[in-house]
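Below is one structure; the comments refer to it alone.
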Amino acid sequence: MKIRDVLAWLLALLAVGVIVGVAFLTLAALRPDGDAIRFDATDVSGVDWGRDFRLIGDDGRPRELADFRGKIVALYFGYTRCPDVCPTTMAALAQAVQLLGPDGRRVQTLFVTVDPRHDHPQVLARYVRAFHEDFLGLYGDREAVARTAHEFKVEVGEHHSIPVFLLDDNGRLRLVVRPEASAESIAHDLRGLLSHSG
């Protein structure tokens, strides 16, 4: 084989390599946000539930998901008299936000009471702020709470083990965090969502 033929083959192989490399990079860039991140929580991106709520904040203002656009939202259902799961989960969420440092300001934690009869606004406010000054309590009448619970596919009651729902900065439900997740695990997933926000 002549040197000219060898060079032609090498150039052809190089061209194929470049084409394959460019195709790979293009496909990687076209993947939906989040595919490249390994989340600890269950990725539910694309589901047709967990889309909105209409409740009242512990500050008396009507609230819906659109009010928190631009922030990652951590949504959790519970009640202030809960003796174990709720305070443990809320403490883990508070620690996770602290682990994010300055980026923690880009996360909004919302606590939806499933016991609006006892969890009046002042009680809610005192409860959530005991964990973090920026946490917000949400309440509504029984029907509003039931609608919200149904939208997020949770069964509410005094004996519950409800996950934390993480929504991206566009208000899309992305992750379902198991109740026993550590603060470090939650912070890891929040960082992943933050890295693809904005």
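Which of the residues belonging to the range 118-153 are among the β-branched types (Val, Ile, Thr) and surrounded by fewer than 19 Cβ atoms within 10 Å (Cβ to Cβ)? Step through it out loud before you land on a result.
So the first thing to find is which residues in the range 118-153 are among the β-branched types (Val, Ile, Thr), and the list is 123, 128, 145, 148.
Listed by number, the list holds a single entry, VAL123.
Could you check how many residues of the range 66-93 are within 16 Å of the chain's Cα centre (by Cα), part of a helix (DSSP H, G or I) and surrounded by fewer than 20 Cβ atoms within 10 Å (Cβ to Cβ)?
As a first pass, look at the range 66-93 and keep what is within 16 Å of the chain's Cα centre (by Cα): 66-77, 89-90, 92-93.
Those still in the list that are part of a helix (DSSP H, G or I) too: 66-68, 89-90, 92-93.
Those still in the list that are surrounded by fewer than 20 Cβ atoms within 10 Å (Cβ to Cβ) too: 66-68.
Total satisfying the criteria: 3.
Conditions (1) on the phi < 0 side of the Ramachandran plot; (2) outside the structural domain of ILE162 (by TED's automatic domain parsing), marked per residue:
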| site | (1), (2) |
| --- | --- |
| ILE37 | yes, yes |
| GLY46 | no, no |
| ARG51 | yes, no |
| ILE56 | yes, no |
| ASP59 | yes, no |
| PRO62 | yes, no |
| LEU65 | yes, no |
| PHE68 | yes, no |
| ILE72 | yes, no |
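Do you know which residues across the range 19-45 are out of contact with any helix residue (DSSP H, G or I) (no Cβ under 6 Å at 6 or more places or on another chain) and at pLDDT 95 or above? Write out each step before concluding.
The first filter runs over the range 19-45 and keeps only residues out of contact with any helix residue (DSSP H, G or I) (no Cβ under 6 Å at 6 or more places or on another chain), leaving 19-36, 38, 42-45.
Passing the criteria: THR42, ASP43, VAL44, SER45.
For the structure I just gave you, tell me whether THR113 is surrounded by 23 or more Cβ atoms within 10 Å (Cβ to Cβ), out of contact with any Ser or Thr (no Cβ under 8 Å at 6 or more places or on another chain) and closer than 22 Å to GLU180 by Cα. Break it down into steps so the answer makes sense when it comes.
Numbers: surrounded by 23 or more Cβ atoms within 10 Å (Cβ to Cβ): yes; out of contact with any Ser or Thr (no Cβ under 8 Å at 6 or more places or on another chain): no; closer than 22 Å to GLU180 by Cα: yes.
It is false that THR113 is surrounded by 23 or more Cβ atoms within 10 Å (Cβ to Cβ), out of contact with any Ser or Thr (no Cβ under 8 Å at 6 or more places or on another chain) and closer than 22 Å to GLU180 by Cα.
The values are calculated or read from the model by the stated rules, or taken from the named source; none is laboratory data. Since we're looking at a predicted model, the values are computed, not measured. We place every Cβ from the backbone using ideal geometry, glycine too, and count neighbours over all the protein chains shown.
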